[in-house]
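Step one of this worksheet: look at the structure below.
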Amino acid sequence: MGVVVGEWVFPDGEAPGLDAVADALQARTGLAVDRTHHADGQLEHVDFPVIRESLFDWQRQPDRVEVRGFIPPHPYLWTQLHAVMTGFGGRIGDSAIAWRPTSPAPAFERPWGELTRRQRFILRLPGIGASRPLDFLAERDG
């Protein structure tokens, strides 16, 4: 299984705390999250049971936040994560291997509870290999 890397830089040098990112992501999506912390208290893993997705290997520096997820990147989760990071003043980093947003999907910018039943059904489906072939149906529904 492959891994996707997300990297956001904060030009003012004020990257948010990792738990603050997880709090904002939970508040924005309305999804329940399970968190795991390292022994030193730093966020390690955030699981989203409803969509069977995880964000892990969180790393924070004063001017950047990096996180990983499994391929294929879940379009709803990564759209929401990007919105949270930009809300904190971040922008996508320059790393050549980092995740990049695809075409705007306004349907995925709403809380989970505001999505249609069809969208929620499609977005709960697991990826097939390295793709999520039915996501385009959820993008159009809205």
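Nothing in this text is a laboratory measurement; each read-out follows from the coordinates by a stated rule. All values derive from a computational prediction rather than experimental measurement. Cβ coordinates were reconstructed from backbone atoms using ideal geometry, including for glycine residues, and neighbour counts include every protein chain displayed.
With a point put 7 Å past each Cα toward its Cβ, work out how far Ala20 is from Thr86 in nm, to one decimal.
2.0
Taking loop as defined by DSSP and a crowding limit of 16 other beta carbons within 10 Å, which trypsin sites (Lys or Arg not before Pro) in the range 42-86 fit?
Numbers: sites: Arg52, Arg60, Arg64, Arg68; in loops: Arg52.
Qualifying residues, ordered by number: Arg52.
Would you please give the FRET efficiency between Ile128 and Asp40, computed as 1/(1 + (r/R0)^6) with r the Cβ-Cβ distance and R0 = 41 Å, to the nearest 0.05?
On the way: r = 37 Å, r/R0 = 0.91.
So, using R0 = 41 Å, E works out to roughly 0.65.
May I ask for the angle, rounded to the nearest 10°, between helix 18-29 and the longest principal axis of the chain, with both axes built from Cα atoms and the value confined to 0 to 90°?
Between the helix axis and the principal axis of the chain, the angle is about 20 degrees.
How high is the relative contact order of the chain? Use alpha-carbon pairs under 8 Å, at least six apart in sequence, and give a whole percent. If you can, show how the numbers build up before the last one.
Details: 236 pairs, mean separation 42.0, N = 142.
Value for the chain: 30 percent.
Quick one: angle between helix 75-87 and the longest Cα principal axis of the chain, in degrees between 0 and 90, rounded to 10, please.
Between helix and principal axis, roughly 40 degrees.
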